[in-house]
1. Say whether the condition of being at pLDDT below 95 and within 16 Å of ligand 2 (Cβ to nearest atom) is met by at least one residue in the stretch 252-266.
2. Does LEU160 satisfy the condition of being under 17 Å from HIS12 (Cβ atoms) and more than 15 Å from the chain's Cα centre (by Cα)?
3. Does VAL134 satisfy being surrounded by 13 or more Cβ atoms within 10 Å (Cβ to Cβ), outside the structural domain of HIS12 (by TED's automatic domain parsing) and either within 16 Å of ligand 2 (Cβ to nearest atom) or basic (Lys, Arg) (or both)?
4. Confirm whether TYR253 is among the aromatic types (Phe, Trp, Tyr) and either more than 16 Å from ligand 1 (Cβ to nearest atom) or in contact with a strand residue (DSSP E or B) (Cβ under 8 Å, 6 or more places away or on another chain) (or both).
5. Restricting to the stretch 1-30, what's the tally of residues that are more than 17 Å from the chain's Cα centre (by Cα) and within 16 Å of PRO49 (Cα to Cα)?
6. Quick check, is LEU184 closer than 21 Å to LEU98 by Cα, more than 16 Å from ligand 4 (Cβ to nearest atom) and buried (at least 22 other Cβ atoms within 10 Å of the Cβ)?
7. Any residue at all in the stretch 130-138 that's hydroxyl-bearing (Ser, Thr, Tyr), in contact with an Asp or Glu (Cβ under 8 Å, 6 or more places away or on another chain) and under 21 Å from TYR253 (Cβ atoms)?
Amino acid sequence: MSARGRADLHVHTTASDGALSPAEVVDTGAAIGLAAVGISDHDTVAGIPAALARSAEKGCEVVPGVELNTDFRGKEIHILGYFIAWDDTRLARTLARLRKGRLARVERMLAKLETLGMTLSLDRVVSLCDEGSVGRPHVAKAMLEAGYVGSVKEAFQRFLTRGMPAFVERMRFSPAEAVKTVLLAGGVPVLAHPGVGASPALILELVKVGLGGLEVFHPEHDLRRTQLYLGMTRELGLTATGGSDSHGKGQPYGADIGALTVDYAVVGELRRRAERRTMTDSADKAR
Ligand code: AMP
Ligand code: ZN
Ligand code: FE
Ligand code: FE
C-alpha cells in the first residue's frame, strides 16, 4: 500500500527507547510519503518540540502524543494520548514522577543483576537514553554492550520479563490514572495494542472513564485480533487507530516506520475528539 494519505500513529524516538531522533523520524515519514506521524514516547513529551519544528520544514504532520506505561494485574497496559497539550505543567509533573519511578526501577534491576554476577553502571544505562525516560530496553542494551547477553531479546527473555530473575515491578500507576492524565492534558486517550494484555472487561472499564479509542492496527495483532478490536470500536463508538510502534530499523520490538498505518482521516477524528473535549471542559468551567 502507498504511504500517501496514510498516518503512522505510534512511533518512538531517542527521547525514550527509539533509535531515531525526533527529526529523523519526521524525515523518514516524509521520505516514504506519510501524511502524518504520531510521536508517542514512553512517559515523556521531550521529543515533540524538535519533531514539530522538523515537520514545518518537511510537510509530514506531527501528531503530538505520549505512551503511558502502566500495568494491571501483571499485564502491560499502555495508554496512548493524542493531541495532548504537551507543554501543560500538570502533565509535565506527572511525567516527571513516572520517569523518577523508571529510574528507581532501573536501579533495582541493576541491583538484582549484580547479585547474578552482572555489574552495570547506572550512569552508563542513563546515558543510553537522551531524555531520561529510561527503562528495560536501556538495561538490555547495557547488558549486550558488556557481553552478558548476545542480544536485547535474550536480555528480555532470560532476565527482564516478568517471572525472570531481574524483573522489578513498575511504579504503581493504573490504566485509569493514565486515561485521566491524558484527559487532564486535553488529549484523547487510546488503549495501545489491546491484544498484548487487555481484557474486554478492562476495555469497558476504561471506556467508562473516558477512553476514546483502541489501537486496532499494531504489529502484535494478528488478523483475528485486528477484526475483534475493529468490531469493538464500532460497537463502543471509539476511534480505531494504528501504527508501527517503531523503535527504529531492525530493533527487536515494533515494526519499521510506515509498516502499519491508518487513513489520514483518523487524525482528523482524533483532533475533533480532542477539540470537543476542550470545548466541554470550558463549558464546565463556565458553569
Ligand atoms: P519498560 O517500560 O521499561 O518496562 O520497557 C518496556 C519496553 O521494552 C516496551 O515498550 C518495548 O519497547 C520493549 N520491549 C518489551 N518486550 C521486549 C522484548 N521481548 N524484546 C525487546 N524489547 C522489548
Ligand atoms: Zn518502547
Ligand atoms: Fe506499548
Ligand atoms: Fe510503543
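1. Yes, that holds for at least one residue.
2. No: the conditions fail for LEU160.
3. Yes, satisfied.
4. In short, no.
5. Here the count works out to 3.
6. no
7. There is at least one residue in the stretch 130-138 that is hydroxyl-bearing (Ser, Thr, Tyr), in contact with an Asp or Glu (Cβ under 8 Å, 6 or more places away or on another chain) and under 21 Å from TYR253 (Cβ atoms).
Conditions tested, residue by residue: (1) within 16 Å of ligand 3 (Cβ to nearest atom); (2) over 19 Å from PRO252 (Cα atoms); (3) charged (D, E, K, R).
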position: ALA3; (1), (2), (3): no, yes, no
position: SER16; (1), (2), (3): yes, no, no
position: PRO22; (1), (2), (3): no, yes, no
position: SER40; (1), (2), (3): yes, no, no
position: THR44; (1), (2), (3): yes, yes, no
position: PRO49; (1), (2), (3): no, yes, no
position: ALA53; (1), (2), (3): no, yes, no
position: GLY59; (1), (2), (3): no, yes, no
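The values are calculated or read from the model by the stated rules, or taken from the named source; none is laboratory data. Please read all numbers here as calculations on a predicted model, not as lab measurements. No Cβ is skipped: glycine too gets one built from the backbone with ideal geometry, and neighbour counts run over all protein chains shown.
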